[in-house]
Amino acid sequence: GGGGVSETETAVSSTSATTVGTFAKANFRSASILAQITQGSNYQVGRYLLIHDGTTVTTIEESAVATGSMLGTFEGVIDGSDVDFNVTMSSSSSATVTTKIDTISIP
């Protein structure tokens, strides 16, 4: 068991990077994230792995699928004392991004 899973819904209507999940970098080293985008009648879901060394976040997309074109891309970044999980949408049309973040503690 890690730090536990929390689900967050974030409204996004921009093509700028938007934080859709976060965790404390001092408490957690890595996370597995499920991220779903709903934009009108278009949908995307993906699974992502993040790990950080306190300065840099490495993010990989394990898998992702959409009902049509991919709607957005995801990346982890350090923001002060947090690791942020950001989405960059392909379109600024109103969307909802739902994330489930399963963190693993720093021993």
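In segment 36-51 there is at least one residue matching the filter, namely being free of Cβ contacts under 8 Å to residues at least 60 places away in the same chain, of a type in the set (Val, Ile, Thr), touching a Gly at 6+ places or on another chain (Cβ under 9 Å) and assigned to a strand (DSSP E or B).
Working carefully through the options Thr98, Thr73, find the one that is β-branched (Val, Ile, Thr), open to solvent by 80 Å² or more (accessible area, probe 1.4 Å) and within 18 Å of Thr15 (Cα to Cα).
On the way: Thr98 fails: open to solvent by 80 Å² or more (accessible area, probe 1.4 Å).
When all the criteria are applied, what remains is Thr73.
Rundown of residues vs (1) touching a His at 6+ places or on another chain (Cβ under 9 Å); (2) under 21 Å from Ser6 (Cα atoms); (3) basic (Lys, Arg); (4) open to solvent by 20 Å² or more (accessible area, probe 1.4 Å), yes/no style:
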| site | (1), (2), (3), (4) |
| --- | --- |
| Ser16 | no, no, no, yes |
| Asn27 | no, yes, no, yes |
| Tyr48 | no, yes, no, no |
| Ile51 | no, yes, no, yes |
| Glu62 | no, yes, no, yes |
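Of the listed requirements (1) open to solvent by 80 Å² or more (accessible area, probe 1.4 Å); (2) part of a strand (DSSP E or B); (3) aliphatic (A, V, I, L, M), Ala31 misses just one: (1). Please work out which residue is surrounded by the most Cβ atoms within 10 Å (Cβ to Cβ), limiting yourself to segment 85-95 and to residues that are closer than 15 Å to Tyr48 by Cα and of a type in the set (S, T, N, Q). Only one residue fits best here, namely Asn86. Among the residues of segment 58-79, the one identified as of a type in the set (Val, Ile, Thr), touching a residue at least 24 places away in the same chain (Cβ under 8 Å) and closer than 14 Å to Val45 by Cβ is Thr67.
Within segment 1-13, if we keep just the residues that are open to solvent by 40 Å² or more (accessible area, probe 1.4 Å) and not aliphatic (A, V, I, L, M), the residue that is modelled with the lowest pLDDT turns out to be Gly1. Checked against (1) in contact (Cβ under 8 Å) with a residue 12 or more places away in the chain; (2) of a type in the set (Asp, Glu); (3) open to solvent by 60 Å² or more (accessible area, probe 1.4 Å), Asp82 meets all criteria but (3).
The values are calculated or read from the model by the stated rules, or taken from the named source; none is laboratory data. It should be emphasised that the depicted structure is a prediction, and the values quoted were computed from it without experimental measurement. Don't worry about glycine lacking a Cβ; one is built from the backbone with ideal geometry, like all the others, and counts go over all protein chains shown. Accessible surface areas use protein heavy atoms only, side chains included; no ligands, DNA or RNA. Shrake-Rupley method; radii C 1.70, N 1.55, O 1.52, S 1.80 Å.
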